[in-house]
Amino acid sequence: MTTIPKGYRFSVASAGFRKSGRIDLALVVSDRPAQAAGVFTLNKFKAAPVLVGEEILAGTATARAVVINSGQANACTGDEGVANCRETMRLVSGKLGVEAVEILPASTGVIGVHLKMDCWEKAVPGLVEGLGQASLEDFAKAIMTTDKYPKFTGKTVTLSKGDVVVAGVAKGAGMICPNMATMLSVVICDAALDVQTWRDMLRSAVDLTFNRVTVDGDTSTNDTLYGLANGASGVGLQNSDDRDLLQKGLVDVLGQLAYLLVQDGEGATKVIHVRVTGAKSAADAEKAARTVGHSPLVKTAIYGKDANWGRIVAALGRSGADFAPEEVMVEMCGVELFKNGRPTELDFDALLKEPFEKTDIKLDISLGSGPGSYTLLASDLTHEYININADYRS
């Protein structure tokens with residue numbers, strides 16, 4: 001069972017947003033005001049809840065709750081979409097007895113579809129009354145769309161004055177190439193922190209985790225990560241060692257969620273661990289890793305269990321990274337495929353037959369002897385991805 005931070009309660013409901021009648025509305029409430037942080041999509045077509053969430057966090061340090069619906073993205077819905085988003089906050093806040101500005105909203109579903117406000121009005125009273133009756137896993141299930149399974153995890157971190165807990169959920173399987181966080185994620189913590197420290201720590205953790213994954217190269221209109229830290233443990237940061245420990249715990253939680261996103265990528269069968277080293281700069285290493293990880297040719301080769309080094313080096317060559325081709329080395333699952341500008345003479349098929357049966361595929365690339373490095377998690381690309389997305393709105 002996942003450890004849960006102190007002072008939080010969960011509730012879910014079947015509001016009727018979706019055809020299947022499954023749970024599709026989720027609420028997490030902190031019993032006390034929590035320091036609030038958020039990281040949002042950089043897509044220019046920001047969904048209404050993204051616009052509202054950004055506005056709230058720009059004007060306040062604390063929040064009491066996060067409410068998320070699946071089924072309608074409320075993106076590209078204009079002023080009416082923003083008004084509907086604010087009305088959902090008002091409905092929830094009225095039943096909770098807090099201010100609407102203390103509710104952080106998020107939505108997921110089909111772009112361009114408005115919220116079903118009649119369903120909200122019917123579902124919210126029961127949603128609030130059910131607080132404390134749902135689990136972190138239930139919350140994760142309620143926000144799923146094409147996900148095959150719920151994504152949630154938690155971790156206890158021992159600081160100098162006691163234990164604190166970090167836990168989180170995420171959803172996402174397609175439109176995953178975050179330029180901020182991920183499609184939707186909520187992280188809760190019971191450490192006693194000031195708001196700037198919490199926001200800095202969350203942003204840093206995002207850059208090392210959610211910003212280093214790709215399923216299909218698409219960044220969503222709704223990408224939102226909310227973080228709440230309510231201090232209910234009574235344990236704060238006493239020194240830099242405490243901060244480092246909590247930062248590591250936060251990275252561990254977000255990193256596990258990020259891995260699950262790629263593992264559950266629409267139709268995915270593999271998680272490709274792309275690691276670039278020896279680049280002239282970190283920027284060059286990132287260019288190389290992202291070009292390889294985004295490449296449909298590389299991704300389909302991995303799906304086909306084909307050690308096609310040619311697709312990898314071709315991607316490197318168009319990445320824009322500065323390197324000398326004769327210094328490049330490509331290694332897959334410990335097998336050296338390419339070195340000194342040409343393929344090695346190893347029997348790739350025989351050596352990689354067993355590794356290709358596993359989920360995790362290690363792809364190590366050296367661009368030379370420079371200091372730059374970067375890591376990226378990428379999924380493979382399968383027939384099922386096309387089937388899912390060809391039928392997404394039908």
Could you let me know the centre-to-centre spacing of the range 324-386 and the range 242-270, using Cα atoms, in angstrom?
-> 22 Å
Counting only DSSP beta bridges with both residues in the chain, tell me the antiparallel percent, nearest 5.
-> 70 percent
Checked the range 38-175 with the C-alpha gyration tensor, a ≥ b ≥ c its square-rooted eigenvalues, rounded below a/c of 1.5, otherwise prolate if a/b is larger than b/c and oblate if not; verdict rounded
For the Cα atoms of the chain, what angle does the longest principal axis make with the long axis of helix 78-96, in degrees from 0 to 90, nearest 10?
-> 60 degrees
Please list, in chain and number order, the residues 5+ apart from residue 235 or on another chain whose amide H is under 5 Å from its amide H, with Hs placed from the backbone.
-> 192
If amide H atoms are built 1.01 Å from N in the plane of the peptide, which residues on other chains or at least 5 residues away come under 5 Å of the amide H of residue 269?
-> 380
Helix 240-263 versus the longest principal axis of the chain: what is the Cα-based angle in degrees, 0 to 90, to the nearest 10?
-> 80 degrees
Using alpha-carbon positions, the gyration tensor of the range 237-394 gives root eigenvalues a ≥ b ≥ c; with a/c under 1.5 called rounded, otherwise prolate if a/b exceeds b/c, else oblate, the class is oblate
Looking at the range 67-179, what % of its DSSP beta bridges pair antiparallel, to the nearest 5?
-> 60 percent
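Checking the table 6/44; 44/141; 19/299 against a 31 Å threshold on Cα-Cα, which pairs fail?
Numbers: 6/44 37 Å; 44/141 28 Å; 19/299 33 Å.
In this structure, 6/44; 19/299 exceed 31 Å between Cα atoms.
How would the range 18-117 be classified by its alpha-carbon gyration tensor: rounded, prolate or oblate, with rounded meaning a/c under 1.5 and the a/b versus b/c comparison settling the rest?
Details: a/c = 1.79, a/b = 1.26, b/c = 1.42.
Oblate is the answer for the range 18-117, as a/c is 1.5 or above yet b/c matches or exceeds a/b.
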Which angle from 0 to 90°, rounded to the nearest 10, does the C-alpha axis of helix 195-208 make with the longest principal axis of the chain?
-> 30 degrees
For 281, 107, what's the largest-to-smallest order of accessible area, 1.4 Å probe?
-> 281, 107
What list of ³J(HN,Hα) couplings, whole Hz, do you get for the range 160-167 from phi and the Karplus terms 6.51, -1.76, 1.60, once you set θ to phi - 60° and write x for glycine and proline?
-> 5, 10, x, 8, 10, 10, 10, 9
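Mind checking the range 311-394 for GluC sites (Glu not before Pro) that DSSP puts in a loop (not H, G, I, E or B) and that have at most 12 other Cβ atoms within 10 Å?
On the way: sites: 326, 327, 331, 336, 345, 357, 384; in loops: 345.
Qualifying residues, ordered by number: 345.
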At what distance in angstrom do the alpha carbon centres of the range 123-166 and the range 1-46 lie from each other?
-> 8 Å
Over the range 251-394, what is the relative contact order in whole percent, taking alpha-carbon pairs under 8 Å and six or more residues apart?
-> 43 percent
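Quick one: accessible area per residue over the chain, 1.4 Å probe, rounded to a whole number of Å²?
Details: 16000 Å² over 394 residues.
Accessible area per residue: 41 Å².
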Relative contact order for the chain: what is it in percent, counting Cα pairs under 8 Å that are at least 6 residues apart?
-> 17 percent
Just report the Cα centroid separation between the range 271-290 and the range 199-237, whole Å.
-> 22 Å
Karplus-derived 3J(HN,Hα) from phi for the range 286-294 (6.51 cos²θ - 1.76 cosθ + 1.60, θ = phi - 60°), whole Hz, x at Gly and Pro, runs 5, 4, 5, 5, 5, 5, 5, x, 7
Would you kindly derive the ³J(HN,Hα) couplings of the range 22-28 from the backbone phi angles with the Karplus curve 6.51 cos²θ - 1.76 cosθ + 1.60 (θ = phi - 60°), listing them in order in whole Hz, with x for Gly and Pro?
-> 6, 4, 9, 9, 10, 9, 10
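The values are calculated or read from the model by the stated rules, or taken from the named source; none is laboratory data. Source: prediction; values computed, not measured. Reconstructed Cβ throughout: ideal geometry from the backbone, glycine too, with neighbour counts over all protein chains shown. Note: areas computed on protein heavy atoms with side chains; ligands, DNA, RNA excluded. Shrake-Rupley method; radii C 1.70, N 1.55, O 1.52, S 1.80 Å.
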